[in-house]
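Enquirer: There's a structure below that I have some questions on.
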Amino acid sequence: MAMTLGKDVSALFPDVLKNIATPDLDQKKLVYLYLMNYAKSHPDLCILAVNTFVQDSEDPNPLVRALAIRTMGCIRVDKMVDYMEEPLKKTLKDESPYVRKTAAICVAKLFDLNPQLCLENGFLEQLQEMIADSNPMVVANSVTALAEIMHSAPETGALAITPAVLKKLLLALNECTEWGRITILTQLAEYKTTDLKEMEHICERVVPQFQHVNPSVVISAIKVVFAHMKGLNYEVVKTYMRKMAPPLVTLLSSAPEVQYVALRNINLLLQKQPDILSKEMRVFFCKFNDPPYVKLEKLEIMIRIANDSNVDQLLMELKEYALEVDMDFVRRAVKAIGQCAIKIESAKDKCVNVLMDLINTKVNYVVQEAIVVIKDILRKYPGYEGIIPQLCQSLDELDEPGARGSLIWIVGEYAEKIDNADEILSTFIDGLEEEETQVQLQLLTAGVKLFLKKPQTQALVQKVLQSVTTKSDNPDLRDRAFIYWRLLSNDPALAKTIILADKPPITSTIKSLPPGLLEQLLSEISTLASVYHKPPETFVGHGRTGADALQKRALEEAQQNARENPIQAAAVSGGKVTNVDNLLDIDFDGGAPASASTPSNDLFGADSAETSRVASPISGLSANPGGIQQPANNLDDLLGVFGSDGSVQNGGGNTGGSEMDILGGFGGMSLGGTTSPPPPPPQQGGQQQRSQMKNEDILGLF
Amino acid sequence: MLSGILLFNQKGENLIFRQFRNDCRPRLSDVFRIQVISNAQVRSPILTLGSTTFSHVKHENIYLVAITKSNANAALVFEFLYRLIALGRSYFGKFDEEAVKNNFVLIYELLDEILDFGYPQNTETDTLKMYITTEGVKSERAMEDSSRITMQATGALSWRRADVKYRKNEAFVDVIEDVNLLMSAAGTVLKEDVTGQIIMRAYLSGVPECKFGLNDRLLLDDTGLSRPNGNKNGSKATRAAAGSVTLEDCQFHQCVKLGRFDTDRTISFIPPDGEFELMRYRATENINLPFKVHVIVNEVGKTKVEYQIAVRANYGSKLFATNVIVKVPTPLNTATTHVRTSQGKAKYEPAENNIVWRIPRFTGQSEYVLSADAILTAMTNQKAWSRPPVSLNFSLLMFTSSGLLVRYLKVFEKSNYSSVKWVRYMTRAGSYEIRF
């Protein structure tokens, strides 16, 4: 016990070693365990044990043979390696499958220690032959070992799946242990084939595994079918999808941790195939005792499968959640109601009603979140101005910048319909300097909008501009104030067309992964990458090199982006945007769906502050001079380009995510580092670099 | 794959540390202690720090942690940890700190056997118990047995020995259903489903092949369609008459031939010796809820909550449920309660913030009522009460909520012996919750 907990008992090494030749199996196991732990510190003494190992590997008892070969592989001493050769050769051909399967794994251990030796002795070829073994467990372990070797050294070509091998694998699949099945299924999923017959065959053989009792086998089987059904015709795909739904639902009755993994994966599958589970809304309803991480994930999925027919059910349920006490969960539920309204137009009335009910509960954080959400609804659907007075009543309760900013945006946007808009704003303006930047920016914009709509409020706007330009030390804020001021003093009519320009519509507020990343993650189903929704390179690294490689890749990506999108570059440097719609379309197609929310946000309104700040501080600056020189529409679009650009470069939709988070409370952040990590620094580096490039272009204009 | 398995107690003391790969260092246990056990903020079961991923599961009073350095299969890792728990439970009765401390050697031995180089190997309890035992295998015996043992541990029938002999061949089938219900305050059913298990205890000689039949609708439909004059119109009615059920999904023990089930839905298998879970299933249609619960809760001012709860048994009057427990949540600041019941005993349990109403025997078609007041103490910070749902617990024999029936169990063996089969049905409460 002391040994494995880090206490050093290596002084006893010679004494322990004397006991190695014991005939008692239990004692032998303990001595071996000791050896594994301390062989490193006493490499010389280890050699004394070699003889016993070699003897044991010829013991008539297969358990002892297997034990010897297993332990030898774990003693990571160079000298030992030389002695392993013979026993390993013998045991690989042992008559007992138990010994063979242990020896197969041992080859992977040996390769890890000394690849050279492994190759010279032809162990790899031997393993490849063992895929044809009569015992399914030996097959599975050989595949495991080969896959491991293949992973660490692809140049060996250790595991090549040929049609012959494929046949063997499919045969072994039905007979080996659950863990072996996972190994084989993983290989099947990675197997690339263009042959339709083969795809069909694989799917046919794998589908029965959906009924396996072990959830991880089920997920792996789903992964295989998902990977191989792409090539099949539409009807067949539909049947497979139907077959996939029940096992996916059953995964929800497993242990919470497994459920969490399953839910994260279902989330991915739904992004690719939104309608697999559209009839199964109810099973995602949260139980009172579900752990928080499961609850949040279930919410996420419920919104994804919401449609016209089940939205009523969902709303009832969301309202219930919004009255619970776990703050993160409640916020997320409120946000979900808003996402429902944006997603399903026919449900907008009901959603707004539910939100108004919630605001009436006067629970502080519910109200705040509801206001943020209502802002988006107002953006998308005109005609709800009637509820604004009610929103303004809860003015005093708002203490979070997100909610305050949203309310101010609403006031500015609908100033003409709010009689006392100037009073409301002036209460905020008095405390302008104490506000967060986000709120200050909103106030500034709202003040200007108010003035443009109701010219009699000139004093107010004057006060705001005055105080911001003289007292603020935030360049974003001050510069924006200067632009407004100059705009207003030069040509109010022009100012009106710029500031009160039509906003592009919101399409969705549900976070999605960019298609490229989604494809990659779908091939990683059930692995950690699929849980984090991040490519494996971001969290699996080999020390510094991993991070370096990542940085390099990010830079390359950024450069390639610049090459691929000459239109954007031209738009920025030329300062002339002719085909507004097309440009925006290009952004949507080539970029991240996550970014869809970015350009669609009001560019000078509530969100532009966050957008420009998150994307890059420089992009905000560079847009300003552009804005002065260009007609109104172009300015908007230019900013749009910048905004979405940020996400495209990031490639991970991370920027999109963090914008949403800043804007929409901290619902998405509640899982800590898991769901919405800050964009990785190297990528920001790439982005920065590019922004600088643009900045120079624009400076060149002057 | 897995780089190491760690076991911690609740205080964060490392109980077991077994590394399988070179990259798993002892100091990682400190990292986990600091980052997870002593950090109340952590909400996810998976945590990646640097390139090390900790996946943990909590059971009783121990943490089981798997360490991985690669992009491992997360579902597999958790499933494996749960399998480890199951193994521990079947070996020690209870898998907690004490059991771990008393069985260090055995646990190391087990870990060695079920994981090799971080890859899970055979985890079948029955097989493992043959050669990893608490009292130690006698060497002489091991000699002759072990080749047989290893054959079994790796064979295609890794779950069954060939030489089983019984004088009386019997098979017991238990159909156990957990009903899950979520009812809204308005009394509408939000979610109802049944998760069932079929547990079999087989005491059969030789290598018997069993065939098992249920009143599965798909199966009955198939046979119906194959008849030339299949009655297509009366689908629903005839089905109800025939008493068939729709199984949404089912999962089988690894002994069941999945390929055959997929083609013609026959459940055919060679059972392990002794007790095992033959299948699990899920049904969502036509569920008979055994209990109807009617809940009225009134918050009177800030000092009192009134409860009126009526529970009605919805099953035949010849049946009776046992151990019915109704848990009625009370606010956190409850001072005293006054409870009256028409049957059974009710008691306020402050530690759980519940009024627990126990009815030892609940006859079919009867209705019992509980009325209670909870008197609250004044609180300085009026935090809203989360109103957890009322939950029910019960077990009810000879009743299946889904309507599932075992139609036949056939045993085929070379020696052609006759066997006796017993079937038992039971319905239990899964999460039977009523909001108010």
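Enquirer: If we keep just the residues of region A:307-340 that are among the small types (Gly, Ala, Ser) and touching a Ser or Thr at 6+ places or on another chain (Cβ under 9 Å), which is farthest from the other protein chains (Cβ to nearest Cβ)?
Expert: A:338
Enquirer: Moving on to the next point. Among residues belonging to region B:2-20 that are charged (D, E, K, R) and farther than 25 Å from residue A:148 by Cβ, point out the one that is nearest to the other protein chains (Cβ to nearest Cβ).
Expert: Residue satisfying both the conditions and the ranking: B:13.
Enquirer: Then there is this: Test residue B:99 against the criterion of being facing chain A (nearest Cβ under 9 Å), in a helix (DSSP H, G or I) and among the small types (Gly, Ala, Ser), and give yes or no.
Expert: No: the conditions fail for residue B:99.
Enquirer: Oh, and also: Could you tell me which numbered condition residue A:15 fails, if it satisfies all but one of (1) surrounded by fewer than 21 Cβ atoms within 10 Å (Cβ to Cβ); (2) under 45 Å from the mean Cα position of the chain (by Cα); (3) at pLDDT 80 or above; (4) more than 10 Å from every other protein chain (Cβ to nearest Cβ)?
Expert: Failed condition: (2).
Enquirer: Okay, next question. Between a first residue in region B:15-28 that is open to solvent by less than 60 Å² (accessible area, probe 1.4 Å) and a second residue that is at pLDDT below 80 and of a type in the set (Val, Ile, Thr), which pairs have beta carbons less than 6 Å apart while being 6 or more apart in sequence or on different chains?
Expert: B:17/A:4
Enquirer: Could I ask something else about it? Name, by its number, the condition in (1) modelled with pLDDT under 90; (2) open to solvent by 10 Å² or more (accessible area, probe 1.4 Å); (3) within 23 Å of residue B:74 (Cβ to Cβ); (4) within 14 Å of another protein chain (Cβ to nearest Cβ) that does not hold for residue A:191.
Expert: Among (1) modelled with pLDDT under 90; (2) open to solvent by 10 Å² or more (accessible area, probe 1.4 Å); (3) within 23 Å of residue B:74 (Cβ to Cβ); (4) within 14 Å of another protein chain (Cβ to nearest Cβ), residue A:191 violates only (4).
Enquirer: Something else now. In region A:215-240, which residue that is at pLDDT 90 or above and not hydrophobic (A, V, I, L, M, F, W, C) is nearest to the chain's Cα centre (by Cα)?
Expert: Here the answer is A:223.
Enquirer: How about region A:447-466: which of its residues are open to solvent by 20 Å² or more (accessible area, probe 1.4 Å) and assigned to a helix (DSSP H, G or I)?
Expert: A:451, A:453, A:455, A:456, A:458, A:459, A:460, A:462, A:463, A:466
Enquirer: I would also like to ask the following. Please tell me if residue A:178 is over 23 Å from residue A:519 (Cβ atoms) and not assigned by the TED database to the domain that holds residue A:98.
Expert: It is true that residue A:178 is over 23 Å from residue A:519 (Cβ atoms) and not assigned by the TED database to the domain that holds residue A:98.
Enquirer: To continue, here is another question. Report the residue count in region A:518-542 for those that are touching a residue at least 24 places away in the same chain (Cβ under 8 Å) and within 8 Å of chain B (Cβ to nearest Cβ).
Expert: 4
Enquirer: Just to verify a result, which residue in region B:80-91, among those that are in contact with a strand residue (DSSP E or B) (Cβ under 9 Å, 6 or more places away or on another chain) and open to solvent by less than 30 Å² (accessible area, probe 1.4 Å), is farthest from the other protein chains (Cβ to nearest Cβ)?
Expert: Looking at the filtered set, the residue picked out is B:88.
Enquirer: Same structure again: Please work out if residue A:140 is in contact with a Leu (Cβ under 8 Å, 6 or more places away or on another chain) and either open to solvent by 10 Å² or more (accessible area, probe 1.4 Å) or not aromatic (Phe, Trp, Tyr) (or both).
Expert: When the stated conditions are applied, residue A:140 does not pass them.
Enquirer: Applying the selection to region A:112-132, what residues are of a type in the set (A, V, I, L, M, F, W, C) and either away from chain B (no Cβ under 11 Å) or within 17 Å of residue B:121 (Cα to Cα) (or both)?
Expert: A:117, A:118, A:119, A:123, A:124, A:127, A:130, A:131, A:132
Enquirer: Under 9 Å by Cβ, and 6 or more places apart or on different chains, what pairs join a residue from region B:58-70 that is within 12 Å of another protein chain (Cβ to nearest Cβ) and free of Cβ contacts under 8 Å to residues at least 24 places away in the same chain with one that is part of a loop (DSSP other than H, G, I, E, B) and surrounded by fewer than 19 Cβ atoms within 10 Å (Cβ to Cβ)?
Expert: B:58/B:10
Enquirer: May I ask you to list the residues in region B:92-102 that are free of Cβ contacts under 8 Å to residues at least 60 places away in the same chain and surrounded by fewer than 20 Cβ atoms within 10 Å (Cβ to Cβ)?
Expert: Of everything in region B:92-102, those that are free of Cβ contacts under 8 Å to residues at least 60 places away in the same chain and surrounded by fewer than 20 Cβ atoms within 10 Å (Cβ to Cβ) turn out to be B:92, B:93, B:94, B:96, B:98, B:99, B:102.
Enquirer: Here's a check for you: in region A:501-542, which residue that is part of a helix (DSSP H, G or I) and open to solvent by 40 Å² or more (accessible area, probe 1.4 Å) is nearest to residue A:337 (Cα to Cα)?
Expert: Among them, the one singled out is A:515.
Enquirer: Next up: Given the criteria under 27 Å from the mean Cα position of the chain (by Cα) and part of a helix (DSSP H, G or I), does residue B:108 qualify?
Expert: yes
Enquirer: Being over 30 Å from residue B:197 (Cα atoms), hydrophobic (A, V, I, L, M, F, W, C) and outside any loop (DSSP other than H, G, I, E, B) is the filter here; which residues of region B:358-402 pass it?
Expert: Once the filter is applied, which keeps residues that are over 30 Å from residue B:197 (Cα atoms), hydrophobic (A, V, I, L, M, F, W, C) and outside any loop (DSSP other than H, G, I, E, B), region B:358-402 yields B:369, B:370, B:372, B:374, B:375, B:376.
Enquirer: Mind telling me which of the residues A:354, A:283, A:325 ends up being part of a helix (DSSP H, G or I), more than 21 Å from the chain's Cα centre (by Cα) and assigned by the TED database to the domain that holds residue A:385?
Expert: It is A:354.
Enquirer: To continue, here is another question. Please verify whether residue B:422 is among the hydrophobic types (A, V, I, L, M, F, W, C), open to solvent by 30 Å² or more (accessible area, probe 1.4 Å) and touching a Pro at 6+ places or on another chain (Cβ under 7 Å), treating the condition exactly as stated.
Expert: no
Enquirer: Now for a separate question. All but one of (1) surrounded by 14 or more Cβ atoms within 10 Å (Cβ to Cβ); (2) within 14 Å of another protein chain (Cβ to nearest Cβ); (3) over 22 Å from residue B:199 (Cβ atoms) hold for residue B:263; state the number of the condition that does not hold.
Expert: Looking at each condition in turn, residue B:263 falls short on (1).
Enquirer: Just wondering, is there one or more residues in region A:430-445 that are buried (at least 24 other Cβ atoms within 10 Å of the Cβ) and under 17 Å from residue A:495 (Cβ atoms)?
Expert: Scanning region A:430-445, I find at least one residue that is buried (at least 24 other Cβ atoms within 10 Å of the Cβ) and under 17 Å from residue A:495 (Cβ atoms), so the answer is yes.
Enquirer: Sort out which residues of region B:403-436 are in a strand (DSSP E or B) and within 27 Å of residue A:321 (Cβ to Cβ), and write them in order of number.
Expert: Matches in region B:403-436: B:429, B:430, B:431, B:432, B:433, B:434.
Enquirer: Take residues that are within 14 Å of chain B (Cβ to nearest Cβ) and tell me which of the helices (runs of 4 or more DSSP H) falling wholly in region A:39-103 contain 2 or more.
Expert: Helices (runs of 4 or more DSSP H) meeting the threshold: A:62-74, A:78-92.
Enquirer: Separate question: For region B:297-325, which positions are closer than 19 Å to residue B:336 by Cα and in a strand (DSSP E or B)?
Expert: Matches in region B:297-325: B:297, B:298, B:299, B:300, B:304, B:305, B:306, B:307, B:308, B:309.
The values are calculated or read from the model by the stated rules, or taken from the named source; none is laboratory data. Quick caveat: nothing in here was measured; it's all calculated off a predicted structure. All Cβ positions, even for glycine, are placed from backbone atoms using ideal geometry, and neighbour counts span all protein chains on display. The accessibility values were calculated without ligands, DNA or RNA, using every heavy atom of the protein model including side chains. Shrake-Rupley method; radii C 1.70, N 1.55, O 1.52, S 1.80 Å.
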